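The values are calculated or read from the model by the stated rules, or taken from the named source; none is laboratory data. Since this is a predicted model, take the numbers as computed values, not measurements. Cβ: placed from backbone, ideal geometry, glycine included. Neighbour counts: every protein chain shown. For the accessible areas, the whole protein counts, side chains as well, though only heavy atoms, and no ligand, DNA or RNA atoms are used. Shrake-Rupley method; radii C 1.70, N 1.55, O 1.52, S 1.80 Å.
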Amino acid sequence: MIPANLSLVPLSHERRAAMQAIGEIEKKLARGAHVPEYPYARAFFRYFRGCKRITVRELNYFAPVLTAQELRGSKESWLSAIDTLIESRGACCYLPLPAGASQNLFPEVRFQQTERLRRQDELRDEKYSRQRQKAQCQYERAYQALAGQAEIELAFHTPETVSSWSARWSGTELRQYDLEEMFWRWSERFPSLAPMERWMMANQPFWAVMIETDALAQESPGTVRQLELWMVPNKLTARSRV
């Protein structure tokens, strides 16, 4: 069953009166006919209450606690606000009308306002989400560039000097496990570090791994250390002369 406030011919008496008032006044204005002051308000109360004279009794529909004493001297303000409310189909609700004065007459306005606020919230959330995503992407790019720099520098170290690389990069933004991953990949190249298995050092802090690396490098034969020195890619290659 269609709710009374959503039917094409409103079952709500006050809503039907408002629509009839709007239709009547707009027809008169289209014909160029003369209309009295506050025509929408007067037509509404005529259809709603069947009266031509608007008193505090009629205005109590919008403000049940309004008294004749309070109305004295402010009737024009009430009629102007009601007239604007009906003419705008609930879009403009001014004082002295209460904030929810249009809910019964024009319930679609509240729905539109709710949807507008909801959509504004969605757009704001989307904006902040894009900003966070952009900031995250920028951070990831900067992090990857920093990690790439650290790995390049590591390639120019031997087991005898790698502890200086660890000391330099351990205090930076690079995550510790990323430094450890770089180190273990790099260590596979050097014969002197073959005895050091990763699983054996799994529970050791990284500084302990550096100590073990330095000890293995010092214990290795001179020929092995010389070989590892030449494994570092910082040597000039001889070029044949024509």
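Data table
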quantity	calculated
Per-residue ³J(HN,Hα) for region 12-27, Karplus 6.51 cos²θ - 1.76 cosθ + 1.60, θ = phi - 60°, Hz, x for Gly and Pro	6, 4, 5, 5, 5, 5, 5, 5, 5, 5, 5, x, 5, 5, 5, 5
Kirkwood hydrodynamic radius of the chain, from inverse mean 1/r over distinct Cα pairs, in Å	26.0 Å
Largest to smallest accessible area among Cys137, Cys51 [probe 1.4 Å]	Cys137, Cys51
Sites matching trypsin sites (Lys or Arg not before Pro) across region 29-71 that sit in DSSP coil, with at most 11 neighbouring C-beta atoms within 10 Å	Lys52, Arg53
Ratio Rg/Rh [Cα only; Rh per Kirkwood] for region 36-124	1.06
Average projection area in nm² (convex hull over Cα atoms of region 117-242, one quarter of hull surface)	13.5 nm²
Distance between modelled label sites at Asn104 and Glu26, nm, 7 Å Cα→Cβ extension	2.3 nm
Gln138-Gln69 FRET efficiency (beta carbon distance; Förster radius 51 Å; 0.05 resolution)	0.15
Theoretical ellipticity at 222 nm over the chain - DSSP helices of four or more residues, -39500 (n - 2.57) apiece, nearest 500	-19000 deg cm²/dmol
From phi via Karplus (6.51, -1.76, 1.60), per-residue ³J(HN,Hα) for region 212-217 in Hz, x at Gly/Pro	5, 4, 5, 5, 5, 5
Residue-by-residue Karplus 3J(HN,Hα) for region 190-198, coefficients 6.51, -1.76, 1.60, Hz, glycine and proline x	9, x, 5, 9, 4, x, 8, 8, 5
Given the chain, longest segment not containing exposed loop chymotrypsin sites (Phe, Trp or Tyr not before Pro) (DSSP; at most 15 other Cβ within 10 Å)	1-93
Accessible surface of Lys75 - all protein chains present, 1.4 Å probe, nearest 10 Å²	70 Å²
Cleavage-rule hits, trypsin sites (Lys or Arg not before Pro), region 151-230, DSSP coil, Cβ neighbours within 10 Å at most 15	Arg175, Arg189, Arg198
Centroid-to-centroid separation of region 83-133 and region 141-173 [C-alpha atoms, Å]	57 Å
